[in-house]
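Below is one structure, written out as structure tokens, with a few remarks after it.
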Amino acid sequence: MTTESSDLASLIDESPSSRLSVEDLSNSLKTFGKLDYAVFVAMLLCCSCVGMYFGYQDHMKHKRRAKNRRGSLIDVEEIDYLMGGRNMKVFPVAMSLVASFISGITLLGTSTEIYLYGTQYCYISLAIIISSTIMHFTIIPIFHELQITSTYEYLQLRFDRRVRLFGSLMYSLATILWLPIVIYVPALAFNQTTGINIHIITPIVMSICIFYTCLGGIKAVVWTDVIQMMLMYGTLFLIVIKGTMNVGGLSVIIERNMESGRFEAPDFRIDPTIRHSFWSIVVGGTVYWINVNGLNQNMIQRYMSLKDVKTARKGQMLYVIGVTFMIFLCCFNGLLLYATYYDCDPLQTKLAKAKDQLMPLLVMEILRDIPGLPGLFIAGVFSAALSSLSTGLNSMSCVILEDFCKPFLKRELSDEMTSLIMRGTVLILGVMSVGLVYIVQHMGSVLQLSMSIPTACFGPMLGVYVIGFTLPWIGRKATLLGAIIASTSMLILVIKAQAEIALGNIKFQTKPLSVDGCTYNFTIDANYSNVTDIPYSYENKEKHIYEISYLYYSSLGSLIVIVSAFLLSFIFGFQDPSQVDQRLLVPFLRKYFSSSSKTQYKEANGKEAIIHNFEMKETNKNVT
């Protein structure tokens, strides 16, 4: 590694015996000073203050309203805590949507992806644009017209309570598995820059997240997301500018990455076992993003906090612009990583203990001479994590309340019990996530891990929604059994794939990595094998189903549900399309199906369904 900093260069002698060891060099880069800690702590305090502000504001508002409520159809505190009163502003919600997507996984994992495997993953932006266009004309109009709180309320309206409960279980499982990944990644960055153990910092940061999420609800989540987004953008811009100057300019970055083959044209091979090809990224990625952006409670809850369909669509367009730009910055930082370490790979020399410590290492090298800037970067990474964590915790409180508590209680919950359930969920899941970090750290690449495990649960549910939106002749029994078959199959597939990756039985070909230019002493582990020296031969290698690209998981899961439900309908019988209310179908199909009275939903599902939701919408407007 040719070090740009003059102070490090002065410590390095041409004689190998007098060179710095990798341990000494690593320690010299861990110069997290008082100002850096101050910046980091200031970010955490800012989040806490936002939570306290909105918590106090809502408390006073509910206190003023208490005398005039007299048993309204909705619980005002619940709507404020979970949906922001359904009247939030477009820009902060759009920034919150971006922040929910841009976790520390994206900031660190995407850059590492480009460093190791090249720019093929950058084409994911096309998938985001296509999926958002589909969502624009289908999912947003349906959910906003129904004015639901939990995404899975739709499943009870279209099918029955059992399908709704199954969908909620799958979401809960996916979220519980995803949250520890989110908190683990920034802890790695903090460890690389300060040397503090990841199991010390994770409970501290999670405590802050639990605090402001419990107090302020979705308003605190959204407005802390806005602050955190500004911090993330500022941090990435700073790295891009300073890092480009350090390596000698943009031309040097382009030249070094071109020589290593990291700039890639779309790979049009059809083989589904190719980890990243044009088809897996654009086709598989589109289905994946419809799933995580269009049917994920984390995201839908924000769209539903906006007042109408038109406003929600504006928020979505701003979200697409923000996410696309953020991905571009992360991909550029991946190219910058290689341009900096092109002749001395920190992974082989163990200067970086894990793949996702590459970006923190780069930051400490290029920003460590400017007090406060490393702290700004770590604050940015943790900001990304906090936004995703608070989103997940707040959404889970909604699902637990709406899907697991209310449907099974014969009487209405009191305000105190509602508040206890919502905030208790945040606390319990936060503590669980910290404990699960011990497992996550042994499970391989976090970018692939974060996109694999949740989609094993979300993929089948996408198939259920596709049936609900577009296939009114398929009934609830066939759909539920098809979803169970698909979910079981996908969980087995994903667990098998992750186990094989963790054991080293599945390896992916990286781009060229070199240690020829290292100017410090290091020892490569005898068991270390550069996967570049073991080309992944798709033509000659025996293929297994669990080697399918993780980007196809959503597509495969949803396809299994649709096919299984269709075949099972021959056994259970097809449903009369007239029994399905038109408002539960995508807008462009409604004219082809006529529906019977809405009261049939009341009889089938045991609740007032569509009628109740429209009454709730009107009452909410009057109360707020």
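The values are calculated or read from the model by the stated rules, or taken from the named source; none is laboratory data. As the structure is a prediction and not an experimental result, all values here were calculated from the model. Neighbour counts run over all protein chains shown; Cβ positions are idealised from the backbone, glycine included. Accessible surface is based on the protein model in full, side chains and every heavy atom, while ligands, DNA and RNA are left aside. Shrake-Rupley method; radii C 1.70, N 1.55, O 1.52, S 1.80 Å.
Anything in segment 306-322 that is within 19 Å of the chain's Cα centre (by Cα) and polar (S, T, N, Q)? List them, or say none. Please lay out each step first, then the result.
In the first step, residues of segment 306-322 are kept if they are within 19 Å of the chain's Cα centre (by Cα); the result is 315-322.
Passing the criteria: only Gln316.
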Residue satisfying all of: in segment 197-228; farther than 18 Å from Met95 by Cα and of a type in the set (S, T, N, Q); surrounded by the most Cβ atoms within 10 Å (Cβ to Cβ) among these | Thr202
Hey, among the residues in segment 337-392 that are in contact with a helix residue (DSSP H, G or I) (Cβ under 7 Å, 6 or more places away or on another chain) and of a type in the set (Asp, Glu), which one's modelled with the highest pLDDT?
-> Glu365
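Filter segment 249-265 for residues that are more than 12 Å from Phe332 (Cα to Cα) and either assigned to a helix (DSSP H, G or I) or not acidic (Asp, Glu) (or both) and give the result. Break it down stepwise before answering.
Let us first name the residues in segment 249-265 that are more than 12 Å from Phe332 (Cα to Cα), namely 249, 251-252, 255-256, 258-261, 264-265.
Correct list: Gly249, Ser251, Val252, Glu255, Arg256, Met258, Glu259, Ser260, Gly261, Ala265.
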Could you run through segment 457-506 and say how many residues are open to solvent by 40 Å² or more (accessible area, probe 1.4 Å), at pLDDT 90 or above and within 18 Å of Glu547 (Cα to Cα)?
-> 2
Taking segment 488-526, which residues are farther than 25 Å from Glu264 by Cα, among the polar types (S, T, N, Q) and over 25 Å from the mean Cα position of the chain (by Cα)?
-> Asn505, Thr519, Asn521, Thr523
When restricted to Thr523, Thr510, the only residue farther than 20 Å from Pro272 by Cα and either modelled with pLDDT under 80 or open to solvent by less than 30 Å² (accessible area, probe 1.4 Å) (or both) is Thr523
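Does segment 279-303 hold any residues that are aliphatic (A, V, I, L, M) and within 29 Å of Ala265 (Cα to Cα), and which are they? Give the steps one after another, and end with the answer.
Here is the first cut: in segment 279-303, the residues aliphatic (A, V, I, L, M) are 281-283, 287, 290, 292, 295, 299-300.
Residues satisfying the conditions are Ile281, Val282, Val283, Val287, Ile290, Val292.
Are any residues in segment 182-206 farther than 19 Å from Ser390 by Cβ and modelled with pLDDT under 80, and if so, which ones? First the steps, then the outcome.
Going through segment 182-206, the residues farther than 19 Å from Ser390 by Cβ turn out to be 188, 191-200.
Result: Leu188, Asn191, Gln192, Thr193, Thr194, Gly195.
Inspect all residues belonging to segment 366-374 and state whether any of them is under 19 Å from the mean Cα position of the chain (by Cα) and crowded, with 24+ Cβ neighbours inside 10 Å.
Within segment 366-374, the subset under 19 Å from the mean Cα position of the chain (by Cα) is none.
No, the conditions are met nowhere in segment 366-374.
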When every residue in segment 532-567 that is farther than 11 Å from Gly482 by Cβ, hydrophobic (A, V, I, L, M, F, W, C) and exposed (fewer than 15 other Cβ atoms within 10 Å of the Cβ) is compared, the one modelled with the highest pLDDT is Ile545
The correct count of residues that are open to solvent by 50 Å² or more (accessible area, probe 1.4 Å) and either at pLDDT below 90 or part of a helix (DSSP H, G or I) (or both) in segment 568-582 is 6
For segment 97-134, how many residues are part of a helix (DSSP H, G or I), touching a Ser or Thr at 6+ places or on another chain (Cβ under 9 Å), more than 25 Å from Val440 (Cβ to Cβ) and of a type in the set (Gly, Ala, Ser)?
-> 3
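Looking only at helices (runs of 4 or more DSSP H) that lie completely in segment 135-248, which have at least 1 residues being among the basic types (Lys, Arg) and under 26 Å from Gln301 (Cβ atoms)?
Values: elements: 139-146, 153-158, 161-194, 198-247.
Passing ranges, in order: 153-158, 161-194, 198-247.
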Test for Pro360: is it open to solvent by less than 10 Å² (accessible area, probe 1.4 Å) and closer than 28 Å to Leu97 by Cα = yes
Just wondering, is there one or more residues in segment 162-181 that are open to solvent by 10 Å² or more (accessible area, probe 1.4 Å) and within 25 Å of Leu329 (Cα to Cα)?
-> yes
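Which of the residues belonging to segment 239-292 are charged (D, E, K, R) and without any contact (Cβ under 8 Å) to a residue 60 or more places away in the chain?
From segment 239-292, those charged (D, E, K, R) are 242, 255-256, 259, 262, 264, 267, 269, 271, 275; that's our starting set.
Scanning segment 239-292 gives Glu255, Glu259.
Determine, yes or no, whether Leu231 is in contact (Cβ under 8 Å) with a residue 60 or more places away in the chain, surrounded by fewer than 24 Cβ atoms within 10 Å (Cβ to Cβ), farther than 16 Å from Ser96 by Cβ and of a type in the set (A, V, I, L, M).
Working: in contact (Cβ under 8 Å) with a residue 60 or more places away in the chain: yes; surrounded by fewer than 24 Cβ atoms within 10 Å (Cβ to Cβ): yes; farther than 16 Å from Ser96 by Cβ: no; of a type in the set (A, V, I, L, M): yes.
It is false that Leu231 is in contact (Cβ under 8 Å) with a residue 60 or more places away in the chain, surrounded by fewer than 24 Cβ atoms within 10 Å (Cβ to Cβ), farther than 16 Å from Ser96 by Cβ and of a type in the set (A, V, I, L, M).
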